[in-house]
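The values are calculated or read from the model by the stated rules, or taken from the named source; none is laboratory data. Values in this document were obtained by computation on a predicted structure and should not be read as measured data. Because the Cβ atoms are built from the backbone with ideal geometry, glycine has one as well, and the counts that use them run over all protein chains shown. Surface accessibility is based on the protein's heavy atoms, side chains included, excluding ligands, DNA and RNA. Shrake-Rupley method; radii C 1.70, N 1.55, O 1.52, S 1.80 Å.
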Amino acid sequence: METPDHERHEKVYDNTFKLLDDRFRGFFEGSSNVQTGLNAKAKNFYKLVEEGEQELFLGCKAFSKLSFIVRLFMFKTTHGISNVAFNDLLQIFKEMILEAKIPKNYNEAK
C-alpha cells in the first residue's frame, strides 16, 4: 500500500533534522536557541538551523525552508544540474510561490 502524500511529506521534513543530527552528532542538539559560549562557526550553524526551521511559506506543512533547500540540492546532485540551471529553478519557484522563503541563487542556498 502506498504512503499518502501528506505522510510522505511529514517524513521528509522529519528526516532533514535526522540528517543534521547524523552529520553533526554531538554538535546539533535540536535547540532553537543560539547557545552562549560557542565559537563563531557554531553560532553561525545554529543561526542557519533556526532559519531553516521556518515554514517555507505560511501554512506549508510539507517543507521547512531547510528541508526544501536540502531536497533541491539532492535533486541537483542526482540529476547533474548546473549552478545556472539551479538558479533558474529557484527563480521559477520564487515566481510561483511569492511568499516562499526561497534563496535567490545557488550561493545563497549553499
Exercise. Taking only pairs six or more apart or across chains, which ones have beta-carbon atoms under 6 Å, a first residue in region 81-97 that is more than 12 Å from E108 (Cβ to Cβ), and a second residue that is open to solvent by less than 60 Å² (accessible area, probe 1.4 Å) and not β-branched (V, I, T)?
Worked result: I97/F57
For this session: With the checklist (1) farther than 20 Å from A109 by Cα; (2) of a type in the set (A, V, I, L, M); (3) modelled with pLDDT of 75 or more in hand, flag the one item M1 doesn't pass.
Result: (3)
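L38 - would you say it is aliphatic (A, V, I, L, M), surrounded by fewer than 16 Cβ atoms within 10 Å (Cβ to Cβ), modelled with pLDDT under 90 and within 15 Å of the chain's Cα centre (by Cα)? Step through it out loud before you land on a result.
Numbers: aliphatic (A, V, I, L, M): yes; surrounded by fewer than 16 Cβ atoms within 10 Å (Cβ to Cβ): yes; modelled with pLDDT under 90: yes; within 15 Å of the chain's Cα centre (by Cα): no.
So L38 fails the test.
For region 57-73, name all the residues that are of a type outside the set (V, I, T) and open to solvent by less than 90 Å² (accessible area, probe 1.4 Å).
Kept after step one, since they are of a type outside the set (V, I, T), are these residues of region 57-73: 57-68, 71-73.
The answer is F57, G59, C60, A62, F63, S64, K65, L66, S67, F68, L72, F73.
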Seminar exercise, completed: For F93, the lone unmet condition from (1) part of a loop (DSSP other than H, G, I, E, B); (2) open to solvent by less than 80 Å² (accessible area, probe 1.4 Å); (3) at pLDDT 90 or above is (1)
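Quick check on K76: is it assigned to a helix (DSSP H, G or I) and open to solvent by 40 Å² or more (accessible area, probe 1.4 Å)? Full working, then the answer.
Values: assigned to a helix (DSSP H, G or I): yes; open to solvent by 40 Å² or more (accessible area, probe 1.4 Å): no.
The answer is no for K76.
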